[in-house]
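Just so it is clear, none of the values below were taken in a lab; they were calculated from the coordinates. Keep in mind that what you see is a predicted model, and the values were worked out from it rather than measured. Heads up, the Cβs are rebuilt from the backbone with ideal geometry, glycines too, and the neighbour counts pull from every protein chain shown.
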Amino acid sequence: MRILNFLTLAILLSSGTAGLAGEKKPVRSSKPMVSMEENGGITLPAGFQASILADELGRARHLAVNTNGDVYVKLDKLNEGRGILRLRDANGDGKAEDISGFGNYKGTGIAIKNGYLYASSNEQIFRYALDKTGVADPENPELIATGLWDRGAHSSKSITLDNAGNIYVNIGAPSNVCQVKDFTKGSPGINPCPLLDSSGGIWQFRVDVKGQSYNNGKRYATGLRNVVGLDWNAQVNDLFVMQHGRDMFFQHYPEMYSQQDGALNPSEEFFRIKPGSDCGWPYCYYDMNKKQKLMNPEYGGDRNKVGDCAGKTQSILQFPGHMAPDGLLFYTGTQFPEKYRNGAFIAFHGSWNRSPEPQEGYFVVYVPIKDGLPSGDWEVFANGFAQDLKDPRKARFRPCGLAQGPDGSLYISDDQKGRIWKVTYGK
């Protein structure tokens, strides 16, 4: 595994996707690769500050931090032939000048637990043993699960782990609302939805069994269109997830949903998951205006009908629609003030289906949690990522992954350009 200093890596990233394994001579430049702007260009509550650990890494998705402070970044597009980057601040100056890469697959999921690093492609989950220097054998990971659905939409396999040797993976449904013809006005929903057999939920696998598939995994929860942000809450010993809601209410049903209603609905829902939970997709959605779970129009809903949705798993908190929650983290550190402890940080990546209404999201929020339920209103914690919300494609940054360092710092990733922030308090 070849080690690059931070400046060299940034130059190489701009030159294409030739493999890191090739001994390409570094090209040096006098261009500063790390911005000196205050807080790395974002705003934070009083007492907090942010530094830029690394920049211009590419499509940086989820993050994991080892006990020695090394930050591992999963990339959704290969960067010099590698899909995982290890960032090390060797001299303690707040910048990762020691960067290495491995894993020749793109993806989103990454996590560290009990001396192992877990990472996912869009079809598989891998496990790497960690030692004092980092990943012990980066070229030969164990294959934990394989054959997971990748149909080209909602394909990211986000992961988290419990304390009993299980790993949980999102398998998103490659659909808007399971219609006969997807994203087509007037096309009815299929009932029962055949996609739920292999997608649209959370699957559970063992961490110590190689080569698992649908046959020996367990469908832990269903009725979830797509989950990118998920985390295990050890305080209450349950899985929590953020669902991406469906699209096209106003476009397909203007008689029921105004343009503003279509921007606000459906809610982005925060669920506390139990084994066997059914959260209702594609049959149901949560209406932000009416404050209840209703039947989708494709399944006979008229914006009043509750039907079978009354018996589905209810979300514990709802957010306005089309903000795209991509990261979820329960904060267990002690560096931040008492109010943040055991609460949830959620990274909203921003979406597209609010147009032509103003865009929303592109921030990190905080939700106070007590005994596994929200104990107060959610609030924006980190903001200013996008800077221009008129066109999502022109957003400067889009927050995606969240991770906690061993010192209680909070790390945030951007998958637009690949900036990594380290947020600290009182330092």
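Any idea how far apart Leu373 and Ala153 come out in nm if each label point goes 7 Å out from Cα toward Cβ?
For Leu373 paired with Ala153, the spin-label model returns 3.6 nm.
Please give every one of the lysines within straight-line cross-link reach of Lys370, meaning a C-alpha to C-alpha distance under 28 Å, and leave out same-chain neighbours fewer than 8 residues apart.
Partners found: Lys113, Lys274, Lys290, Lys291, Lys293, Lys312, Lys339, Lys422, Lys427.
What is the gain in length, in nm to one decimal, between Met248 and Leu143 on full extension, counting 0.36 nm per residue of separation less the C-alpha to C-alpha distance?
Length gained, Met248 through Leu143: 34.0 nm.
Using 7 Å Cα-to-Cβ label points, what is the Phe183/Lys218 separation (nm, one decimal)?
Roughly 3.6 nm, to one decimal.
Please list, by residue number, everything in segment 242-267 whose backbone N is under 15 Å from a paramagnetic label point 7 Å out along Cα→Cβ of Asp302.
Within reach of a label on Asp302, which here means backbone N under 15 Å from a point 7 Å along Cα→Cβ, segment 242-267 contributes 255-257.
Treat each spin label as a single point 7 Å out from the Cα along the C-beta direction, and report the Ile190 to Ala90 distance in nm.
With each label point 7 Å from Cα toward Cβ, the separation is 5.4 nm.
Just how many % of Cα pairs in segment 308-427 lie over 21 Å apart, if you round to the nearest whole percent?
42 percent
Rg to Rh ratio, the chain, alpha-carbon atoms and Kirkwood radius?
Using Cα coordinates only, the ratio equals 0.96.
From Cα pairs below 8 angstrom and at least 6 apart in sequence, can you work out the relative contact order of the chain, rounded to a whole percent?
Here the relative contact order equals 15 percent.
Please give the peptides 269-275, 250-256 ranked by average Cβ packing (other Cβ atoms within 10 Å per residue), highest first, as a rough proxy for protection.
Result, highest mean first: 269-275, 250-256.
Would you mind getting me the FRET efficiency between Ala46 and Gln387? Use the beta-carbon distance for r and R0 = 22 Å, nearest 0.05.
Once rounded, the FRET efficiency stands at 0.55.
Using 1/(1 + (r/R0)^6) with R0 = 25 angstrom and r between the beta carbons of Glu38 and Lys77, what's the FRET efficiency to the nearest 0.05?
0.30
What is the dipole size for the chain, taken about its Cα centre, with +1 at each Lys and Arg Cβ and -1 at each Asp and Glu Cβ, in debye to the nearest 20?
That gives a dipole near 440 debye.
Going by C-beta contacts inside 10 Å, put Thr313, Thr67 in order with the fewest on the left.
Thr67, Thr313
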